[in-house]
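To keep things clear, I will list the structure first and then write my remarks on it.
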Amino acid sequence: MKKVKKNIEILVIGGGASGMMAAGRAAQSGARVILLEKNSAMGEKLKITGGGRCNIANGELDLKVLLANFGTAEKFLYTPFSIFGVRDTYWFFSSRNLPLIMEDRQRVFPQSQRAIDVFRVLEKYVRENHVEIHLNSPVKKINFEDGKILSVETKTHIFFPKKVILSTGGYSHPETGSTGDGFLWLRQAGHTVLDATPDIVPLGLKEKWIKKISGVALDDIKITFFCNGVKKFAQKGRILCTHFGITGPLVLNSASKVKDLLHEGQVTAKIDILPSLDLGALDEKFIHLFEKNKNKTLRNVLREILPPGFMPAFSNLFPILDLETKIHSVSKIDRKKIGHKMKSLEITVSQLMGLDKAVVSDGGVILEEIDLKTMRSKKCENLFITGDLLNIRRPTGGYSLQLCWTTGYIAGKSAAV
């Protein structure tokens, strides 16, 4: 028989970034809080975010500039980010002995470069405010009655909370527990919920040669995307080659645009490995190197120009060129072909990779149905909603976690009133 728990002030469902923030803030405000987590530990996704380094926020302090990165959600977010914004995030973590540093693109990380340290701050915040934590407690059912949540059931308990904060996350990284359970419950609550699709996600390529350089990083490159042969947009930065395609900050932040283009037709791209040199300047560089190294092999000379680790792909890109050919035997035509390929390496996007590889998925409750001052549902009077359950598109660079801190803090504070 299930244990019955009544007179619970606040029940938080989900022990991720926004759930821990919400639970800690509500309890700090004096409420009795119970947190339900389906995994054997809280913060599983947080512990691996940013490759284990945890891009905790974006350091842009100009609110208008910051919110411009959230697309159509920008107009909805001025109020919540004015309540708890970037400066508040700095204060929250630094005042709890976790110093932060800013890197390129204003990405903020813990000085220790360890995501586990971010988790420990939040875990301590939850525990020191006496939140009652139930691990290994996936929610089986939420019972609604007359526009309210009446009860929440797990395998072992039935909870009768006055208020519920739903912080289960979206669909990204399902191995950490983000399996989209909250979307179903939100629909049951009467919300309009857009289906989740991969948003910040790697790109799959048709070309097989990419497998030859899996794990190779191409720094400071330019990639230009085309749809049906028409140029659409270009980005500069770093990409990482994988066995299925390409990833890295530049690719992840382009994925949502590429997703839209794939609906229109064939998406191709051209990678410029050396965008700082035009074709003429690059050919001059080749001429100089070839003159200086006439008796060396093509392989040895190309190593001075090509990115480290790129050579295994070269034979696939130039099957008629023998890398053991002496430089003095390389024709002017072949030299120019090599230069042109380095400035215009063509790839074909076959797909966005699935939700299992997504850093963030879009979809969720439309913002018109949320009171953004409190994160309270307009459809279910005792329900508050946080983080990835909200339909907000954003790039990589700390924006997702800032959204978790902001919405979690506000939901916890508001639910405790």
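Every number here is computed from the coordinates shown, using simple stated rules; none is lab data. Model, not experiment: these values are computed from the prediction. Here the Cβ positions follow ideal geometry from the backbone for every residue, glycine too, while neighbour counts run over all protein chains shown.
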Exercise for the section: Using only Cα atoms, find the angle between the long axis of helix 115-128 and the longest principal axis of the chain, and express it within 0 to 90 degrees, rounded to the nearest 10. Expected result: 10 degrees
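Which value, in debye to the nearest 20, gives the size of the charge dipole of region 1-151 about its Cα centre, when Lys and Arg are +1 and Asp and Glu are -1 at the Cβ?
560 debye
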Problem - Label-point separation, Asp104 to Asp146 (7 Å along Cα→Cβ), nm - result: 5.9 nm
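I need the calculated FRET efficiency for the pair Glu74 and Phe318, taking r as the beta carbon distance and R₀ as 41 Å, to the nearest 0.05.
Working: r = 47 Å, r/R0 = 1.14.
Efficiency computed from Cβ-Cβ geometry: 0.30.
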Practice task
Compute the length gained on full extension between Lys3 and Asp62: take 0.36 nm times their separation in residues and subtract their Cα-Cα distance, giving the result in nm to one decimal.
Solution key: 16.3 nm
Problem - Rg/Rg_globular for region 202-353, with Rg_globular taken as 2.2 N^0.38 Å and Rg from C-alpha atoms - result: 1.08
Practice task
Would you mind putting 227-234, 162-169, 253-260, 8-15 in packing order, based on average other-beta-carbon counts within 10 Å, highest first?
Solution key: 162-169, 8-15, 253-260, 227-234
Handout entry: Highest to lowest packing among 123-129, 144-150, scored as the average C-beta count within 10 Å
Key = 123-129, 144-150
Completion exercise
Once Lys378 and Lys124 are pulled to full extension, the length gained, defined as 0.36 nm per residue separation minus their Cα-Cα distance, is 88.2 nm
Problem - Filter on Lys47/Lys343; Lys45/Lys140; Lys259/Lys337; Lys64/Lys206 - keep pairs with C-alpha separation over 30 Å - result: Lys47/Lys343; Lys259/Lys337; Lys64/Lys206
Handout entry: Cα Rg over Rh - the chain, Kirkwood
Key = 1.08
Problem - Counted charge near Lys336, where neighbours are those whose Cβ lies closer than 15 Å (Asp, Glu -1; Lys, Arg +1) - result: +2
Problem - Stokes-Einstein translational diffusion, region 214-253 - Kirkwood Rh over all Cα pairs, 1.306 mPa s, 10 °C, in µm²/s - result: 149 µm²/s
Practice task
Kindly rank 99-109, 36-46 from highest to lowest mean number of other beta carbons found within 10 Å of each residue.
Solution key: 36-46, 99-109
Practice task
Work through the residues other than Ser276 whose Cβ is under 13 Å from its Cβ and net out their charges, Lys, Arg +1 and Asp, Glu -1.
Solution key: 0
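Contour minus end-to-end for Glu304 and Arg96, with contour as 0.36 nm per residue of separation and end-to-end as the Cα-Cα distance?
Gain on stretching Glu304 to Arg96: 70.1 nm.
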Exercise for the section: Hey, for a label at His328 modelled as a point 7 Å past Cα toward Cβ, could you say which residues of region 292-308 have their backbone N under 14 Å away? Expected result: 292-298
Practice task
First measure r as the distance between the Cβ atoms of Asp278 and Glu368, then evaluate 1/(1 + (r/R0)^6) with R0 = 51 Å and state the FRET efficiency to the nearest 0.05.
Solution key: 0.55
